[in-house]
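The values are calculated or read from the model by the stated rules, or taken from the named source; none is laboratory data. What you see is a predicted model; the values in this text were computed from it and never measured. Neighbour counts are summed over all protein chains in view; Cβ atoms, including those assigned to glycine, are modelled from backbone coordinates with ideal geometry. Just the protein is used for accessible areas: all its heavy atoms, side chains included, with ligands, DNA and RNA removed. Shrake-Rupley method; radii C 1.70, N 1.55, O 1.52, S 1.80 Å.
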Amino acid sequence: MDGFGAILADAIGLILSGDPDLAEIIGLSLRVTLSAVALACAIGLPLGAVVGAFRFPGRTVLTVVLNALMGLPPVVVGLMVYLMLSASGPLGVLGLLYTPTAMIIAQTILVTPIVAALTKQVVEDMHAEYAEQFVSLGVGPAGRVMALLWDARYSLLTVALAGFGRAVAEVGAVIIVGGNINHVTRVMTTTIALETSKGNLQLALALGVVLLSIALTVNAAVMALRASAVRAAYA
Amino acid sequence: MHDVALELIDDSGQTRPADSRAGTILEARGLSFDAGGQRLIDDVTLPIRQGRRTVLLGPNGAGKSLLLRLLHGLIAPSEGAVLWRGRPLDRTARRAQAMVFQRPVLLRRSVLANIRFALGARGMRGAERRARAAEALETARLTDLARRPARVLSGGEQQRLALVRALACEPEILLLDEPTSSLDPASTHAIEDLINAANARGVSVLLITHDLGQARRMGDDLVFLHGGRVAETGDLRQCLRTPQSEPLRAWLDGRLHFDQATS
């Protein structure tokens, strides 16, 4: 226990010292994660809204696929993206392998089904309430999707949060397509894995503390926003 | 029994049979609707006349709300057709109608944004939309609440908002499904004033109510529905004074509360 306490004290000291390497890793982690979540929301929110609001052939199959993809194994996604981006792959010419962009692509693939499937559920419930009013007002399909996404915005923050949680904690896919290269593709999770294996527990634990702090802060902020929206009857 | 052909009151105050097609704005022709192996609306043929206030009465389960939804094109009939000015009701024709539901469906936005959304759905933009929305708020005496979330309004305010949102779209007919069923007398009075003002501007009204007093205040024509069929129709005052059908007599006597035929 003394050993753990000492390591924790060293880790907190490292955070407070403003270590530039640590800051670089945290910065890249946030950049990759937030970019992936933004892309996943750009794809998943309208996709989920369309599946939730409309009846069309193949809707049930699409729903099953989206739900199944929520549990995609990250290493499998990493492997697939690796094969696509490797020199012999169809997108190898882009030279994206072992870059933050490759990591963003992998995380986007992982997070999009989560965002889409959860959005579908939120929008489906809201559409059941709005459907007849939309028809009565003569709202077109695009107008419906936009209205549902806007009116569900506070609930969808929670959806985005679920995607953020998945992305920020992800290690398997990003280590395969990013390569964990120092000062290039090294993010918090891959550094924790590496430094733990090397026995550098202070840095690993310091990153773990930062990761937990980010997750708690983002969750608290979103929950507070949603609670205020509920009080104002917007949610 | 008063037949499906409506009656008009002439200048001397006497009733006379009306040509069922004359001045018809909305019409159900042989309309039937089946669900769960039951026929809930059964061969309803009904002209709704332009500029009139038609009250749809009947016991619970008679199919009043269902008929209103069919007439508005929210659901498709199993048989028959809904005609708008003699032509099949389509999406364009539905834009000439507006419906207010028993429980107002308000978006999770401000009062003003609710009206702006409805106007936007009709293709209205910019200054015209702002002016029309402001006018609607003024009409409903909701201007002071324009920025407030619509869902925190009182029941009466919510229903007023739903009504002026519908009226802001300048419909030719207003379809109202028990709009005052859960409101206090003051709120009911405010809603009735708005409906009457719209009717005075030429908007036809088709109103479902369970309130006989409201029916007398608000109705010109009566349609009494029983078991998914039109049991009686005609001039409202005459029908209520001398009901010709047994279902309407029973309902007025308080012997018919729930429609067994569709339960």
Report every pair of residues separated by at least 6 positions or lying on different chains whose Cβ atoms are under 7 Å apart, first residue within the stretch B:56-81 and away from chain A (no Cβ under 14 Å), second aromatic (Phe, Trp, Tyr). B:Leu57/B:Phe224; B:Gly58/B:Phe224; B:Pro59/B:Trp251; B:Pro59/B:Phe258; B:Asn60/B:Phe258; B:Gly61/B:Phe258; B:Pro77/B:Phe33; B:Ser78/B:Phe33
Would you point out the residue of the stretch B:75-88, among those that are touching a Lys or Arg at 6+ places or on another chain (Cβ under 9 Å) and under 18 Å from B:Glu172 (Cβ atoms), that is most open to solvent (accessible area, probe 1.4 Å)? B:Gly86
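Results for (1) in a helix (DSSP H, G or I); (2) buried (at least 17 other Cβ atoms within 10 Å of the Cβ); (3) modelled with pLDDT of 95 or more; (4) over 18 Å from the mean Cα position of the chain (by Cα), shown as yes or no for each residue.
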site	(1), (2), (3), (4)
A:Val184	no, no, yes, yes
A:Thr196	yes, no, no, yes
A:Leu205	yes, yes, no, yes
A:Leu212	yes, no, no, no
Can B:Pro171 be described as within 11 Å of chain A (Cβ to nearest Cβ) and under 28 Å from B:Leu67 (Cα atoms)? yes
Taking the residues in the stretch B:95-136 that are open to solvent by 50 Å² or more (accessible area, probe 1.4 Å) and in a helix (DSSP H, G or I) as candidates, determine which candidate is nearest to the other protein chains (Cβ to nearest Cβ). B:Arg116
Residue among A:Val122, A:Val174, A:Val115 that is of a type outside the set (Gly, Ala, Ser), under 15 Å from A:Ala38 (Cα atoms), in contact (Cβ under 8 Å) with a residue 24 or more places away in the chain and part of a helix (DSSP H, G or I): A:Val115
Apart from one, (1) modelled with pLDDT under 95; (2) touching a strand residue (DSSP E or B) at 6+ places or on another chain (Cβ under 9 Å); (3) of a type outside the set (Lys, Arg) all hold for B:Val205; the odd one out is (1)
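Please work out which residue is most open to solvent (accessible area, probe 1.4 Å), limiting yourself to the stretch B:182-208 and to residues that are in contact with a Lys or Arg (Cβ under 9 Å, 6 or more places away or on another chain) and closer than 20 Å to B:Asn60 by Cβ.
Across the stretch B:182-208, the extreme among qualifying residues is B:Ser182.
Every residue in the stretch A:125-149 that is more than 16 Å from B:Arg108 (Cβ to Cβ), at the interface with chain B (Cβ under 7 Å from one of its Cβ atoms) and part of a helix (DSSP H, G or I), please.
A:Glu132, A:Val135, A:Ser136
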Determine if the stretch B:244-260 includes at least one residue that is of a type outside the set (Ser, Thr, Tyr), in contact (Cβ under 8 Å) with a residue 60 or more places away in the chain, buried (at least 19 other Cβ atoms within 10 Å of the Cβ) and out of contact with any strand residue (DSSP E or B) (no Cβ under 8 Å at 6 or more places or on another chain). no
